[in-house]
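Engineer: I have a structure here, written as structure tokens, and I will follow up with some questions on it.
Taken together, the values in this text are just the output of simple stated rules run on the coordinates, not laboratory data. It should be emphasised that the depicted structure is a prediction, and the values quoted were computed from it without experimental measurement. Cβ atoms come from the backbone with ideal geometry, glycine included; neighbour counts cover every protein chain shown.
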Amino acid sequence: MPLPADTDVSSPKHLRDKYAIVGVGETTYTRGSGMTTRALGTWAVKNAILDAGLTAADVDGMLSYQSGDSTFGTFIAGDLGIRLNFFMDVFGGGSSTEALIGIAMGVIEAGMCKTVVIFRAMNGYSQVRIGGTGARSAAPVAGDMLHSRAYGWQSAGQSFSFTFMRHMHDYGTTPAQVAAVRAAHSAHASNNPKAYYKKRVTVEDVLASRIICKPLHLLDCCVETDNATAIIVTSADRARDARHHRVLIRAIAGRVCKPRADMHYQTGPISAVAGRYAREILWPNAGIGPQDVDVTGSYDAFTFTTMLQLEDYGFCKKGEGGHYVSDGTIRLGGRRPNNTSGGHQCEGYTHGMNMVIENVRQLRHDVDDSCPVGPDGKRKHTYDYREGGCRQVKDCEVTANLGWANPGTGSAMVMRRD
Amino acid sequence: MSITADYLGMGLRLDELDGENVAYFKHCAGHSFHLQQCDGCKLLRYPPTTACPWCMSREAKWAPVEGKGAVHSYTEVHHAIQPAFQAHLPYLVLLVDLDIQKGKPTADEALRVVGNLVTPDGKLAPPDLVKTVGIGTRVRMVFSDAGPGLSLPQWAIDENATQPDKPWRYPQE
């Protein structure tokens with residue numbers, strides 16, 4: 001929807017609308033990429049540069065994030081002939097995407113460089129799996145991990161479940177309500193030729209899948225894939241020369257934590273997540289609120305994470321997340337679709353990048369679905385959301401990405417169509 | 001000297017340099033639960049840290065703490081990540097609110113101590129016992145011996161406590 005007329009654009013939040021995302025790039029989302037993270041990263045960064053209509057010489061900044069499972073920016077820059085004025089490889093997983101976009105804005109604002117490409121390259125299925133499965137699962141447990149891994153409390157699902165269970169206890173949230181997230185995202189993925197899982201599943205399918213760790217069924221969990229993704233950030237002024245319609249960054253909250261980031265369960269209520277704090281930065285900086293958002297990208301490492309964040313960022317009242325995600329609102333054709341690509345549940349696991357990429361395309365009104373391409377090279381969207389059909393949201397003007405690291409840490413970003 | 005142990009076939013290691021954890025587990029090895037008590041604000045804290053999260057004091061003393069409380073939340077694991085736990089499925093990981101310092105310094109805070117549900121002799125609980133425990137269950141601390149000098153604090157059902165009529169359990173068994 002259009003921005004409210006009374007939005008205060010003269011506020012001290014002076015970076016509002018001053019930066020833009022001009023390029024996005026992906027590899028295929030696969031299991032068994034058959035190549036290094038360096039080769040994957042090069043592929044995605046090149047695609048992002050081409051998507052922006054830029055050349056290697058136009059990019060002089062590079063950021064990446066990883067958890068000891070990927071290549072470094074210097075290799076990607078070298079491979080593509082990019083001479084860097086700034087680069088940094090950050091330790092991190094989910095919630096890094098939005099935070100790094102904020103860092104990119106900051107270093108450009110500081111005059112350190114002009115255009116930054118951010119990438120995340122991972123063989124998340126064939127090399128280093130996120131939950132610590134495979135060879136790493138047998139590694140000795142030492143130091144602070146003696147308070148967690150020694151109890152078989154290690155993977156993301158195991159670690160987050162205290163929050164998920166407590167939300168059910170505190171608010172009566174049901175397994176079926178939360179399973180509706182998977183059903184919605186799978187429906188979206190069925191309209192995404194890139195998605196790893198394109199098959200539509202029902203709430204009943206989710207509830208009938210085996211329990212991994214309560215309250216998580218197999219289908220409450222995201223997919224593990226091999227892929228790289230890239231996003232290019234530059235000033236709004238420079239973005240005028242880019243190939244696509246401008247997508248402006250309204251506001252960012254980055255790696256906002258609940259108290260006790262070392263062990264966030266020490267403070268409560270534990271059924272609340274970091275979005276409860278991040279929203280106090282995000283919405284005032286954006287000058288708009290949840291009611292103004294057309295499409296959300298709430299991180300779906302698990303069905304529960306999508307629900308918890310939508311709730312704590314204020315898309316519904318606290319405790320009503322189960323209802324919000326199961327009443328049709330978050331489905332294509334609903335009032336505010338979430339993760340229209342299928343997200344981490346179905347498209348592929350990228351630690352947040354693909355959800356931002358999808359929303360950039362939504363704001364360009366140029367989502368890469370199966371709609372026919374016209375003589376001008378642009379898709380003629382049908383807005384028919386049946387299986388195999390369109391996934392473009394009509395008149396998408398404002399999006400919100402809600403990134404998740406764990407219940408205690410999150411990032412967020414609001415973007416708008418120029 | 002580092003302390004190493006083999007627990008359920010899983011290697012555990014405690015490095016000499018890791019002073020806070022060394023002190024914590026030294027008490028555990030004697031089957032006694034101690035937490036750091038801040039010299040400044042007198043609050044207890046968990047797990048071991050290198051300063052006080054409430055007043056930044058770096059000075060603390062190890063104080064004996066009664067290991068009693070109620071389950072605040074839990075997960076019941078049916079798919080083990082670590083090989084060590086595959087023979088013990090399903091197992092419970094409990095987040096327990098200690099009675100001491102509950103609701104302090106603010107209403108939503110508590111010393112929330114992680115552990116598995118175990119039998120009174122420290123063995124991971126069998127499936128029939130796992131099914132009886134949920135949010136609200138009263139538990140007491142026991143210890144699982146991993147090896148010389150290294151024991152893990154764990155939780156057993158508190159037989160002497162008044163238990164809730166029906167602890168909250170995930171609706172799908």
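Engineer: In whole percent, what relative contact order does chain B give with Cα contacts below 8 Å and a gap of six or more residues? Could you put the intermediate results ahead of the total?
Structural biologist: Numbers: 350 pairs, mean separation 36.3, N = 173.
Relative CO of chain B lands at 21 percent.
Engineer: Sticking with this structure for a sec: Let me know the shape class of chain A, please: from the alpha-carbon gyration tensor, a ≥ b ≥ c as square roots of the eigenvalues, rounded when a/c is under 1.5, otherwise prolate if a/b is greater than b/c, or oblate.
Structural biologist: Rounded shape, in that the Cα axes give a/c under 1.5.
Engineer: Within 10 Å of each Cβ in A:159-171, how many Cβ atoms from other chains are there, averaged over the peptide?
Structural biologist: Partner-chain Cβ atoms within 10 Å, mean over residues of A:159-171: 5.
Engineer: Read phi for every residue in the stretch A:166-182 and hand back ³J(HN,Hα) as whole Hz from Karplus 6.51 cos²θ - 1.76 cosθ + 1.60, θ = phi - 60°, with x for Gly and Pro.
Structural biologist: 5, 5, 5, 5, 6, 10, x, 4, 9, x, 5, 4, 5, 4, 4, 5, 5
Engineer: A follow-up question, please. Just subtract the alpha-carbon distance of A:Asp366 and A:Arg335 from 0.36 nm times their residue separation and send over the number in nm, one decimal.
Structural biologist: Full extension of this stretch gives 9.2 nm more.
Engineer: Report, ordered by chain and residue number, the lysines lying within cross-link reach of A:Lys18, taken as a straight Cα distance under 24 Å and ignoring same-chain residues fewer than 8 apart.
Structural biologist: A:Lys114
Engineer: Could you please state, rounded to a whole Å, how far the C-alpha centre of the stretch A:382-415 is from the C-alpha centre of the stretch A:34-85?
Structural biologist: 25 Å
Engineer: So which trypsin sites (Lys or Arg not before Pro) in the stretch A:80-162 pass both tests, a DSSP loop state and at most 16 other Cβ atoms within 10 Å of the Cβ? Show your work: numbers first, answer last.
Structural biologist: On the way: sites: A:Arg83, A:Lys114, A:Arg120, A:Arg129, A:Arg136, A:Arg149; in loops: A:Arg83, A:Lys114, A:Arg129.
Passing sites in the stretch A:80-162 are A:Arg83, A:Lys114.
Engineer: Pull out the extension gain between B:Asp39 and B:Ala107, defined as 0.36 nm times the separation in residues minus the alpha carbon to alpha carbon distance; nm, one decimal.
Structural biologist: 22.2 nm
Engineer: Once the Cβ-Cβ distance between A:Asp144 and A:Leu218 is put in as r, and R0 is 25 Å, what FRET efficiency do you end up with, to the nearest 0.05?
Structural biologist: 0.25
Engineer: Using a 7 Å offset from the Cα along the Cα-to-Cβ direction at both B:Thr50 and A:Asp395, what is the distance between the two label points in nm, to one decimal?
Structural biologist: 5.6 nm
Engineer: Show me A:322-334, B:29-41 ranked by packing, highest mean number of other Cβ atoms within 10 Å first.
Structural biologist: The peptides rank, most packed first, as A:322-334, B:29-41.
Engineer: Once you put a point 7 Å from the Cα of A:Arg136 and another 7 Å from the Cα of A:Ser235, both along the Cβ direction, what distance in nm separates them?
Structural biologist: Each label point lies 7 Å from its Cα, and together they span 4.0 nm.
Engineer: For a quick check, take a GNM of chain B with Cα springs below 10 Å and name the residue from B:Glu20, B:Glu76, B:Glu159 with the largest mean-square fluctuation.
Structural biologist: Of the options given, B:Glu159 has the highest mean-square fluctuation.
Engineer: Okay, next question. Using a Förster distance of 35 Å, how high is the FRET efficiency between A:Ala110 and A:Glu320, based on the Cβ-Cβ distance and rounded to 0.05?
Structural biologist: 0.25
Engineer: Here's a follow-up. Can you give the calculated 222 nm mean residue ellipticity of chain A, where each DSSP H run of n ≥ 4 adds -39,500 (n - 2.57) and the sum is split over every residue, rounded to the nearest 500 deg cm²/dmol? Each step should come with its number before you reach the end.
Structural biologist: Values: 12 runs with 123 residues, N = 418.
Dividing the helical sum by the residues of chain A leaves -8500 deg cm²/dmol.
Engineer: Find the relative contact order for the stretch A:167-312 and round it to a whole percent, using C-alpha pairs within less than 8 Å whose residues are 6+ positions apart.
Structural biologist: Normalised by residue count, the contact order of the stretch A:167-312 is 22 percent.
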